[in-house]
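The values are calculated or read from the model by the stated rules, or taken from the named source; none is laboratory data. Everything numeric in this text was worked out from a predicted model, so none of it was measured. As a convention, Cβ positions derive from the backbone with ideal geometry for all residues, glycine included, and neighbour counts pool all protein chains shown.
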Amino acid sequence: MKYRLLLTILCTILLSFSGISQISYSVDALTGKGDLIFVGDENKLQSEVHKAFLEMQKAALKEGVLIEIVSAYRSFDRQTKIWNRKYEAYTLEGIPPEKAIEKIIEYSTLPGTSRHHWGTDIDIIDSSKNQPKNVLSTSHYEKDGVFSDLKNWMDNNAERFGFYLVYTNKKNRKGFKYEPWHYSYKKISKPMLTQFLKVEFYKFINSKNLNGFTFITPKFIKKYTKENILDINSQLK
Ligand SMILES: [Zn+2]
């Protein structure tokens, strides 16, 4: 008995040193249906993530880069609205449902499966610059783009503050397209991803509230999980 207790204590100490969160999250927390505590008004984040972000923002500002969050936590309902709006727009253009879904999942997730549900992920711009029309466009973050200073700064410093690019420009990566604006706070999002993978999210998705739900088959989900959820920066898995 004593030996067991000692082993438990030792494991706890080792885990805390590894910097990996041991918190167990509910299905609601993992799928954007609440049950998480956030800070911030417009752009909500878990408090530890928020704190790390402020430190990173302060350091960047010293070098003239003003990091601003344009999207942080997003609820299941909000993600459903985004999905349905895109589905309607594409199908009204005459795009067949399956093709419309393929187009949606270039950049947007199925509700319940967004990393933005976790309060660990952010989309960022540099608000010290004149803002272009569609801020979240890849070209703005490339060389000579309006956010190239931000991207350079993040390339050199983000990981030091715990933030990692999720959808990289690695050749042959599948799933969501390259998103140079989307970063994740690894210490919390990595264990959340592990726990999320155990959720039977097919049950959430197979709902009449979701446009095109009849096309979200188990086969589709399998491919979506492999490519969109798991083909990300390997440091986050
Ligand atoms: Zn994002």
> Within region 107-147, restricting attention to residues that are under 17 Å from the mean Cα position of the chain (by Cα) and aromatic (F, W, Y), which residue is nearest to the ligand (Cβ to nearest atom)?
Replying inline: Y107
>> I need every pair where a residue in region 151-164 that is of a type in the set (S, T, N, Q) has its Cβ under 8 Å from the Cβ of a residue that is at pLDDT 95 or above, sequence separation at least 6 or different chains.
In response: N157/M56; N157/A59; N157/A60
> Is it true that some residue in region 163-170 is aliphatic (A, V, I, L, M), within 16 Å of the ligand (Cβ to nearest atom) and in a helix (DSSP H, G or I)?
Replying inline: no
> Is it the case that N134 is polar (S, T, N, Q), under 30 Å from E200 (Cβ atoms), free of Cβ contacts under 8 Å to residues at least 12 places away in the same chain and assigned to a loop (DSSP other than H, G, I, E, B)?
Replying inline: no
>> Being within 16 Å of the ligand (Cβ to nearest atom), over 16 Å from the mean Cα position of the chain (by Cα), within 18 Å of G175 (Cα to Cα) and modelled with pLDDT of 95 or more is true for just one of K103, K86. Which residue is that?
In response: K86
> Residues of region 40-74 being surrounded by fewer than 19 Cβ atoms within 10 Å (Cβ to Cβ), among the hydroxyl-bearing types (S, T, Y) and touching a His at 6+ places or on another chain (Cβ under 7 Å), which ones?
Replying inline: S71
> Out of (1) more than 20 Å from L54 (Cβ to Cβ); (2) among the hydrophobic types (A, V, I, L, M, F, W, C); (3) under 20 Å from the mean Cα position of the chain (by Cα), the odd one out for L150 is which?
Replying inline: (1)
> Looking only at region 66-119, which residues are closer than 23 Å to Y202 by Cβ, aliphatic (A, V, I, L, M) and not in a helix (DSSP H, G or I)?
Replying inline: I105, L110
